[in-house]
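Below is one structure; the comments refer to it alone.
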Amino acid sequence: MEESCLFCKIARGEIPVQRLAEDEHALAFPDLRPQAKVHVLVIPKEHFASLKEAEGKWDLIGRMHALAVRVAREKGIDESGFRTVFNTGPDAGQTVFHAHLHLLGGRALGWPPG
């Protein structure tokens, strides 16, 4: 973990969040600036900046998606639909450079996004 990384501090418990779901590899909590009725972040407990640095971590990426599905079920959006998104880099909207997955749902999501 990185000492000054916001999401590493959350994973270590130094910054309190509402922990919606967690396992030994990842943590899910509500986004502070929700873009949908349900907007949850799923972060790996291991620090890497973005999806482009995920080489060799595909099992972890899968576990993050599994945690997102678990939260979607608990929030009641698994039947109506939800979206998972990794923003990778500034042009994609990434503002915290610790890889994270967005779980969005609870409303109709347009396509294309952005």
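For the stretch 73-91, taking the residues that are within 12 Å of the chain's Cα centre (by Cα) and either of a type outside the set (Val, Ile, Thr) or loosely packed, with under 13 Cβ neighbours inside 10 Å (or both), the one that is farthest from residue 20 (Cα to Cα) is identified as 87. Applying the criterion of being surrounded by 13 or more Cβ atoms within 10 Å (Cβ to Cβ) and free of Cβ contacts under 8 Å to residues at least 40 places away in the same chain to the residues of the stretch 62-72, the residue that is nearest to residue 4 (Cα to Cα) is 64. Based on this model, can you work out whether residue 94 counts as in contact (Cβ under 8 Å) with a residue 24 or more places away in the chain and of a type in the set (S, T, N, Q)? When the stated conditions are applied, residue 94 passes them.
Quick check on residue 40: is it buried (at least 17 other Cβ atoms within 10 Å of the Cβ) and among the hydrophobic types (A, V, I, L, M, F, W, C)?
yes
Do you know which residues across the stretch 72-97 are of a type in the set (Val, Ile, Thr), in a loop (DSSP other than H, G, I, E, B) and in contact with a helix residue (DSSP H, G or I) (Cβ under 7 Å, 6 or more places away or on another chain)? Answer for the stretch 72-97, where residues must be of a type in the set (Val, Ile, Thr), in a loop (DSSP other than H, G, I, E, B) and in contact with a helix residue (DSSP H, G or I) (Cβ under 7 Å, 6 or more places away or on another chain): 88, 96.
Residues checked against (1) in a strand (DSSP E or B); (2) touching a residue at least 60 places away in the same chain (Cβ under 8 Å); (3) charged (D, E, K, R):
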residue	(1), (2), (3)
29	yes, no, no
34	no, no, no
39	yes, yes, no
42	yes, yes, no
47	no, no, no
56	no, no, no
59	no, no, yes
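Find the residue count for the stretch 98-114, including only residues that are part of a loop (DSSP other than H, G, I, E, B) and within 18 Å of residue 64 (Cβ to Cβ). Count: 3.
Where a number appears in this text, it was derived from the coordinates with a stated rule and is not lab data. Bear in mind that the values here come from a model prediction, so they are computed numbers and not experimental data. For neighbour counting, all protein chains shown are included, and Cβ atoms are generated from backbone atoms with ideal geometry for every residue, glycine included.
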